[in-house]
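The block underneath contains the structure these notes are about, expressed in structure tokens.
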Amino acid sequence: MNNQETKNLLAIDFGAESGRALLGKLSNGTLELEEIRRFPNEPVQILDTLYWDVPRLFHEIKAAIAEAIQLCESRGSKLHSISVDTWGVDYALLGPTGDLLGNPIHYRDKRLDGIQERVLSEVSEDLIFQETGLQFLSLNTLFQLAAEKEREPDRLERASRLLFMPDLFHYFLTGKLQSEVSIASTSQLWNPKNQSWSEPLLSALEIPQRIMPEVHPPGTVIGPLLSSVYETSDPPLVVAGASHDTGSAIAATPVNAQNEFSETETWAYLSSGTWSLMGLELDAPCIDDNVRREGFTNEGGVAGTIRFLRNLGGLWLVQESRREWERQDQKFDYATLTQLAQAADPLRSIIPPDHSRFYLPGDMPKRVQTYCEETNQPVPQDVGAIVRCELESLALTYRDCASRIQNLTGKRIKTLHILGGGSKNELLNQLTSDALQAEVVAGPTEATAMGNALIQALALGELKSLSEIREVVRNSSETQSYQPNKNQSSAWEAAAQKFAELPRD
């Protein structure tokens, strides 16, 4: 580990609700993060289409870079590098002159209704999974591109390049057209065994291979910042880190793997936010019929690792409920919602968070109540009961995923590391520990930004390995451990049986 010079690293992290810019200072084996800008990330509905507001988001990126450079200069230093991470699957198409062929479309847009079924009627599910090892979700880029062809058949022919969202922002910052493994692997078009785009799938879907970008490993220097973004005599370097936010978060898991492996037990991660992503870190992709049936995915990680995980429902349930209550002039912060849920009766009503009725924006509390009524459960009436139902249902989802992991690998989860914003929800952390009957270690909350910044340090040669990244994380962050309540195991066992029997169609 090189500790000779303090490095200033700007991590720009986009979630589904907001974007943030955090300035990381790496010195003497520790990383300090300072939030310098935060802004909303709100999609825009125009007629029948839901778009990402890319010009506004790039405006915020430019403002954040200017603030970071000026802040470093005021302290007698410089900004050394910048990296952007975002959610997965969504993309932009560029025309022959390098301009956008329209704003990127949101993964919750209605154009994806029924598209998975239509694609799988023409391209075999087995071929897709053997080529990509990815969980089948209608929002995956593969299905989005199929919807693109249905909507505007000649659009892909007019395109010169496809870029995923972090690639697009890196292109705006450097003028360089390229992608990175962790984000490319979310597309269901990337072959993790061959480390290349899947020619059979591109051909079957009639997607021009020429539009697919060159793909580099996490921790690749793209180039210097363009003067059109910010004029400076010593421009920072732009780095493609683990550009998928979950890839950055998992890189920052504060685990010493040597202490958490055995023949029968393992550690797992849960990236907790709008979505939940839960799984293991593997050395190679795991692609077989059992993995496909259990709904697991193989995505690229740092240092050649594989993120073997399942995409699960997340705090979207609570977020969308909160928005509905605000529309009804009932305003709650998340801490208050958690307190109200803490006071509610336990394990009265549960829902399957991944049910399609809970996927789109709308009146989430009403949907929860209707589902409970339809399944002959007590209908949660007040705010606390509804949030309690949502959080306990998430904990049962995690228990179900842990059981599937054990069935596939033969290993029981000894410790679950919960990363990201959801790790602040102490009630959900404890419910998860009780549901799994396993230790939960919560934190760091800023795992994504820490991973983003430290992979920049890897690219700059300041750190040498993934284990060094995690050592810095352990030195730089506080975590909280939750132990399961053993006297509640029978109640959770009964709830898990009930959860397994719930209708999901």
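Here, each number is a calculation from the coordinates, and none is a lab measurement. It should be emphasised that the depicted structure is a prediction, and the values quoted were computed from it without experimental measurement. All Cβ positions, even for glycine, are placed from backbone atoms using ideal geometry, and neighbour counts span all protein chains on display.
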Percent breakdown of C-alpha pair distances by 10 Å bin, ordered from the shortest bin, for the chain: 4, 20, 30, 28, 15, 3, 0
Amide H contacts under 5 Å for residue 412, placed H, 5+ residues apart: 265, 266
Between the range 1-75 and the range 277-308, the alpha-carbon center distance in angstrom: 29 Å
Computed [θ] at 222 nm, deg cm²/dmol, the chain (DSSP H ≥ 4; -39,500 (n - 2.57); rounded to nearest 500): -11500 deg cm²/dmol
Counting all C-alpha pairs of the range 80-119, share separated by more than 12 Å (%): 73 percent
Normalised contact order of the chain, rounded percent, pairs of Cα under 8 Å and 6 or more residues apart: 16 percent
Cα coordinate range in the range 1-134, projected on the principal axes (Å, largest first): 60, 38, 31
Extension reserve of the residue 465-residue 123 stretch, reckoned as 0.36 nm per residue once the Cα distance is removed: 119.1 nm
For residue 180, residues with placed amide H under 5 Å, excluding near neighbours: 216
In range of the label at residue 366: residues from the range 314-351 whose backbone nitrogen is under 20 Å from the point 7 Å along Cα→Cβ: 316-332, 351
Separation in nanometres of the label points that stand 7 Å from Cα toward Cβ, at residue 355 and residue 474: 4.3 nm
Relative contact order %, the range 355-456, counting alpha carbon pairs below 8 Å whose residues are six or more apart: 21 percent
Net charge of Cβ neighbours under 14 Å - reference residue 71; Lys, Arg +1; Asp, Glu -1: -1
Over 30 Å between alpha carbons, listed pairs 7/193; 464/486; 424/486; 414/498; 7/176: 7/193; 464/486
Convex hull volume per residue for the range 7-246, taking Cα atoms only, in Å³: 123 Å³
Translational diffusion of the range 412-505, µm² s⁻¹ [Kirkwood Rh, Cα pairs; Stokes-Einstein; 4 °C; 1.567 mPa s]: 85 µm²/s
Along each principal axis, Cα extent of the range 316-394, largest first, Å: 29, 27, 19
Loop-resident sites, the range 432-482, for GluC sites (Glu not before Pro), counting at most 16 other Cβ within 10 Å (DSSP): 478
Quarter of Cα convex hull surface for the range 105-257, i.e. mean projection, nm²: 11.2 nm²
Vicinal HN-Hα couplings computed from phi for the range 389-398 (Karplus, 6.51 cos²θ - 1.76 cosθ + 1.60; Hz; Gly/Pro x): 4, 5, 5, 5, 5, 5, 4, 5, 4, 5
Square roots of five times the Cα gyration tensor eigenvalues for the range 299-359, Å: 30, 15, 14
Where labels lie 7 Å past Cα in the beta-carbon direction, separation of residue 113 and residue 381 in nm: 3.5 nm
Nitroxide proxy distance, nm - points 7 Å out along Cα→Cβ at residue 27 and residue 426: 3.2 nm
Note, ³J(HN,Hα) from phi for the range 485-501, Karplus 6.51, -1.76, 1.60, rounded to Hz, x at Gly and Pro: 7, 5, 6, 9, 4, 5, 5, 6, 4, 5, 5, 5, 5, 5, 4, 5, 8
For the range 197-254 versus the range 149-171, the gap between their alpha-carbon centres in whole angstrom: 15 Å
